[in-house]
Amino acid sequence: MSKPLPTPHPEAIHHSQACLEAIKTKYAPATQIPFEAWMDAALYLPYWGYYTGGLPKLSGENTAQQALQGDFTTAPELSPWYGRTLAIQVQQVLDASQSLTILEFGAGSGKLALSILEQLNNPNIHYFILELSADLRERQKATLHQYTHQITWLDQLPSSFEGCIIANEVLDAMPVKLVQWNQHHQLEEVYVSWESGLPSYKNLPASTELSQIMSARMPALPHYQTEINLRGEAWVKAMGSYLKKGGVLLIDYGFPRHEYYHPQRHQGTLMCHFQHHAHDNPLIYVGLQDITAHVDFTAIADAALEGGLEVLGYTSQARFLMNCGLLNLLSQLDPQNVQHYAQQIGPVQKLLSEAEMGELFKVMLLGKELDIDPIGFMNGDRRYML
Ligand SMILES: C[S@@+](CC[C@H](N)C(=O)[O-])C[C@H]1O[C@@H](n2cnc3c(N)ncnc32)[C@H](O)[C@@H]1O
């Protein structure tokens, strides 16, 4: 039996109720919206959403900082060796595209940018960050204070870019459509309705277009519920227009399509995170919890190709880090300094372990006009599985 969810602080409950009211007001007079719009609002509604809200009135246990530090852990947060190793691949992309510019999407606390800038150790590198959350932008400024002269925060996509783009756990935070096949093998789109008070799910017939897209991706298995990340696909396709020369490193948890829509995964991959408790109910704790879905990397590769990008590599996080020379970097550590060594190595084991992040997380490199044998995919490239 799973552990019960922690009860939010009373002020957090108040914030969540206000967030729900703000969603209702935004969509009034409608009393139901597609799940995709619900997830978008719960995460990104200005002032109220999980990423955009910042819970400014809260104190104690449920401040914005606590919410972001305390609900889930990402690889850059876990260990600086992650970013240092990624920097090896970034450097190769920069060299091949004769560029000194990096663009990171959704840079979180700024720790990935910090590890990369430290490792590259080049004052001529310019680092752009596109961040949707005003609070996170402030946190990034604090984390990266020594490098602010090398960093520009963007408010919108660039019209043209050359260099290396990075998105660590960004695709999984994009709003997805929730769909379900009914017993007549017809596709339904899941909506969230508050017609009778509390938010609840309601299925409506899916559009012909959505039905056709889903039919092309999986068999119509009765009662099978899953997700599709059309926004993420459009976001990747658009990179093909503004990236003129360079590479895109996408790191996230997910699978190729045949695993994503596997008959046994009949409840999909939607997951919520609240204070390190993972559960599957995105209709509660609105604005207080993270909502995510795994990534269908086949769809991402197809979107990239449609946008005119090449898929240059796809592998597990563990393989990628090993290929980039993580062990070589770690040899700088002194094993005689037992305490420090153990502190550094413990999180690295999590990054690599098959049971933790090593296998579930994947790395994909997309490229435009980039003539390289990417170092991170030298061994164990799995593009054939997409
Ligand atoms: C799970 S957090 C990951 C944060 C950070 N990259 C890390 O690994 O620690 C997801 C981030 O993606 C950002 N995000 C989602 N969609 C985005 C978009 N279209 N453009 C830029 N950032 C986005 C969110 O605002 C949030 O900061």
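The values are calculated or read from the model by the stated rules, or taken from the named source; none is laboratory data. Nothing here was measured: the structure is a model prediction, and the numbers come from that model. All Cβ positions, even for glycine, are placed from backbone atoms using ideal geometry, and neighbour counts span all protein chains on display. Calculation scope for accessible area: heavy atoms of the full protein, side chains included, ligands and nucleic acids excluded. Shrake-Rupley method; radii C 1.70, N 1.55, O 1.52, S 1.80 Å.
With θ taken as phi - 60° and the Karplus curve 6.51 cos²θ - 1.76 cosθ + 1.60 applied, the whole-hertz 3J(HN,Hα) list for the range 326-336 is 4, 5, 4, 4, 5, 5, 5, 6, 9, x, 5 Hz, x standing for glycine and proline. Using 0.36 nm per residue and subtracting the Cα-Cα separation, the extra length available between Q343 and Q17 on full extension is 113.3 nm. Stretching K244 away from N328 to a fully extended chain increases their span by 27.0 nm, per 0.36 nm per residue minus the current alpha-carbon distance. For K3, a cut-off of 25 angstrom between C-alpha atoms picks up these lysines, skipping any fewer than 8 places away in its own chain: K350.
For the range 251-358, chymotrypsin sites (Phe, Trp or Tyr not before Pro) are listed when DSSP marks them as loop and at most 13 other Cβ atoms sit within 10 Å of their Cβ; the list is empty.
Expressed as an acute angle from 0 to 90° and rounded to the nearest 10, what is the orientation of the C-alpha long axis of helix 134-143 relative to the principal long axis of the chain? Tilt relative to the chain: about 20 degrees.
Ordered by 1.4 Å accessible area with all protein chains kept, S16, S241 run largest first as S241, S16. In the range 92-188, inverting the average of 1/r over every pair of distinct C-alpha atoms gives 15.1 Å as the Kirkwood radius.
Per the Cauchy relation, a quarter of the hull surface: what is the mean projected area of the convex hull of the alpha carbons in the chain, in nm²? List each step's numbers first, then the result.
On the way: hull surface 81.0 nm².
Dividing the Cα hull surface by four gives the mean projection, 20.2 nm².
Relative to the compact-globule estimate of 2.2 N^0.38 Å, the Cα radius of gyration of the range 215-274 comes out at 1.42. Each principal axis of the Cα cloud of the range 248-386 was evaluated for its coordinate range; sorted largest first, these ranges are 50, 43, 28 Å.
Taking GluC sites (Glu not before Pro) across the range 124-205, the ones in a DSSP loop with at most 13 further Cβ atoms lying within 10 angstrom of their Cβ are E195.
Measuring between their Cα centroids, the range 261-311 and the range 1-54 lie 18 Å from each other. Between helix 208-217 and the chain there is an angle of about 50 degrees, using the helix long axis and the longest principal axis of the Cα atoms. Residues D296, D334, ordered by accessible area of protein heavy atoms at a 1.4 angstrom probe radius and largest first, appear as D334, D296. Computed on the chain, with alpha-carbon pairs under 8 angstrom and 6+ residues apart, the relative contact order is 20 percent. Of interest is the spacing of the C-alpha centroids, which for the range 96-159 and the range 331-372 amounts to 21 Å. Our coupling estimate for the range 173-183, obtained by passing each phi through the Karplus curve with A = 6.51, B = -1.76, C = 1.60 and θ = phi - 60°, is 9, 8, x, 10, 8, 9, 9, 8, 7, 8, 5 Hz, Gly and Pro reported as x.
Of the whole protein surface, H340 contributes about 80 Å² of accessible area at a 1.4 Å probe radius. Please tell me which of these pairs span more than 32 angstrom C-alpha to C-alpha: K111/K245; K177/K368; K26/K368? As for pairs spanning more than 32 Å Cα to Cα, those are K26/K368.
Highest mean first, how do 350-356, 20-26, 172-178 rank when packing is the count of other Cβ atoms within 10 Å averaged over residues? Don't skip to the answer; put the middle values down first.
On the way: 350-356: 14.4, 20-26: 16.0, 172-178: 23.0.
For the peptides 350-356, 20-26, 172-178, the packing ranking is 172-178, 20-26, 350-356.
The relative contact order of the range 81-159 comes to 33 percent, based on Cα pairs under 8 Å that sit 6 or more residues apart. A 1.4 Å probe, protein heavy atoms only, puts the accessible area of H14 near 120 Å².
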